[in-house]
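Below is one structure, written out as structure tokens, with a few remarks after it.
Read the figures in this text as sums done on the coordinates, not as results from a lab. Treat the numbers as computed from the prediction; the structure is a model and nothing was measured. With ideal geometry, Cβ positions are generated from the backbone for all residues, glycine too; neighbour counts draw on all protein chains shown.
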Amino acid sequence: MAHKRAWWERGIIYQIYPRSFKDSDGNGIGDLRGIYEKLDYLQWLGVDAVWISPVYPSPMKDFGYDVSNYTDIDPIFGTMADFHALEDEIHRRSLKLIMDFVPNHTSDQHPWFIESRSSRDNPKRDWYIWCDPAPEGGPPNNWLSNFGGSAWTFDERTGQYYYHSFLPEQPDVNWRNPDLMHAMFDVLRFWLDRGVDGFRVDVIYHIVKDEHFRDNPPNPDYQPGENPYHEFLSTYTADRPEVHDIIAGMREVLDAYRDRVLIGEIYLPLERLVAYYGASGRGTHLPFNFQLIQLPWHAQVIREAIDNYEAALPEYGWPNWVLGNHDKPRLASRVGPAQARIAAMLLLTLRGTPTLYYGDEIGMHNVPIPPEKVQDPFEKNVPGMGLGRDPARTPMQWDATEHAGFSQVEPWLPVGKDYRTVNVEVERNDPHSMLTLYHELIALRRREPALAVGSYSSVPAPHELLAYRRQHGNRQLMIVLNFGHNPHGFEYSSSLGRGTIVLSTHLDRQGEAVHGRLSLRGDEGVVIQINAPQ
């Protein structure tokens, strides 16, 4: 029965990038009080959990993903009192709060690293990854930073290199050190004791590296002009076998508390992704599944991906789907505004936990960032390749007032030029808007156990169409999605009995009977209630 499923299985997760959600104090940067002010909206939208990207103290070299203190709140975002007020109000509304946990690296301003780099014999020296220069001098091996260049930085004082998967200001910690591991577990307990409902764990598959510092092998598929990080395979810097024992330790920490969730950020092929559920379910509850972000937007490609994913899941594994996040281009820019409606119906009708990225529900797109306003260190380090993440992190568009209702002053990133028409206020009053579609889809999912927790089965369909059935008990729903821009027909099997359209992406046709051939307009998807044969 639906009520027996955990909240993170039944529910919908909504990601907030706090710098860009709502500015409450007029400094152009979003904050915790801003999120508090918009909880009415999130409750109206119908989501179940709020995931907040890092709000810990940080020098902001990577905008919070360089943590200098894991157990406090950065003044940019507010105070610990603001955090507790937000958490209390989230829980009062029967919502859940998921925090971002960044265990792969700290800021170089974290007290742990300041101690570690002070001398070779400091007790915390081994809390980070240090290595002597290569015999001929220079970095110890060919490991590369995700943000460009070598992943090794030389420390003049101690004569060794330290490793950083990202910026030099983000040194990687050494999870092979038991004291570091226990200190990180204590961070989890600190926030769990304060009532948070779970964690999204940043680059969880990166947190263990090869203890022998072997060179990564060349990538045979690398082409000049691609992201330079992909010149070598990450054989010895990610997805190491030992990582699963550490994740099991994290899971044990969470399992000591009631109803908590552990989510892992994992960009790996399907066969490796599912390993992060862990042996006998002792891994992450939800290894993030990014296939809808990464794959070509074609019905048959997506169908194959869904079917393969369903087949690869361990018996105890619960699926999940992600359409967008703070590191990838906006959904509406990837697939176009019309197909973004198809994507919304797909996400919210597939089996498994859906994660929404703020602003996608109103159709926000990538916002061009002038060179002088670029903030992202990735773009600054590897310019001109279109790798910058700023375009997908721009301020939430709340209304048609100046700065889109996000702030009273110029925001830290530019607002989209379409904010006067693409915003929450306008779209809440438009019965055919993207926001209305999301609201209707979420409401349908919440009242239909077949969508929330029901089974999935693929249904044959023409080349441009994707069709599948969701079932819970005697309740059956058919979803048919047109990935093409032209009309298409779908043969609705008479053996199913008559059907009734309960929702169309065009937000019309509700109540229309279906029997025999179903005609779909271009860029249209429908949810059909299957009525039992007479």
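Some notes on this structure:
- Mean Cα-pair separation over length for region 455-530, i.e. relative contact order, pairs under 8 Å, 6 or more apart, %: 32
- In plain terms, if you count all Cα to Cα distances in region 455-530 and split them into 5 Å steps from zero, the share in each step is 4, 17, 30, 29, 16, 4, 1, 0 percent.
- Net charge contributed by nearby residues that have their C-beta within less than 12 Å of S116 (K/R +1, D/E -1): -2
- Normalised Debye scattering of region 407-503 at q = 0.11, 0.13, 0.18, 0.23 Å⁻¹ gives log10 I(q)/I(0) of -0.52, -0.67, -0.99, -1.25, counting only Cα atoms as equal scatterers and leaving out solvent.
- Total formal charge among the other residues, if their Cβ is under 11 angstrom from that of V426, Lys/Arg +1 and Asp/Glu -1: -3
- Hydrodynamic radius (Kirkwood) for region 198-312, which is based on Cα pairs only, to one decimal in Å: 15.8
- For q = 0.15 Å⁻¹, Debye-computed log10 I/I(0) when each Cα of region 320-447 counts as one equal scatterer: -0.73
- Given +1 at the Cβ of Lys and Arg, -1 at the Cβ of Asp and Glu and no other charges, the dipole of region 111-163 around its Cα centre is 140 debye to the nearest 20.
- Equivalent-ellipsoid semi-axes of region 218-267, from the Cα gyration tensor, Å, largest first: 34, 12, 5
- Rounded to the nearest 20 debye, the dipole size of region 455-530 about its Cα centre is 300 debye, using +1 on the Cβ of Lys and Arg and -1 on the Cβ of Asp and Glu.
- Loop-resident trypsin sites (Lys or Arg not before Pro) (DSSP state other than H, G, I, E or B) in region 445-534 with no more than 12 further Cβ atoms inside 10 Å of their Cβ are absent.
- Taking the C-alpha atoms of the chain, convex hull volume expressed per residue in Å³: 151
- The gain in end-to-end length when the A6 to N531 segment is fully stretched comes to 186.1 nm, 0.36 nm per residue minus the alpha carbon separation.
- Farthest towards the positive end of the charge dipole of region 111-163, among the residues N146, P133, Y161, is the Cα of N146, using unit charges on the Cβ of Lys, Arg, Asp and Glu.
- Global size of region 34-108 as Cα Rg and Dmax, reported in angstrom: 13.2, 41
- Nearest-20 debye value, region 108-257 charge dipole, Cβ charges on Lys, Arg, Asp, Glu: 240
- Efficiency of FRET from Cβ geometry, T500 and A279, R₀ 60 Å, rounded to 0.05: 0.85
- Translational diffusion coefficient (Stokes-Einstein; Kirkwood radius from C-alpha pairs) of region 111-163 at 4 °C, 1.567 mPa s, in µm²/s: 113
- Sequence-distant lysines (8 or more away, or on other chains) whose Cα lies within less than 26 Å of K61: K22, K124, K209, K328, K373, K380
- Average 1/r across all pairs of distinct alpha carbons in region 154-202, invert it, and you get the Kirkwood radius: 13.2 Å.
- Residue-count net charge about R389 - beta-carbon cut-off 9 Å; Lys, Arg +1, Asp, Glu -1: -2
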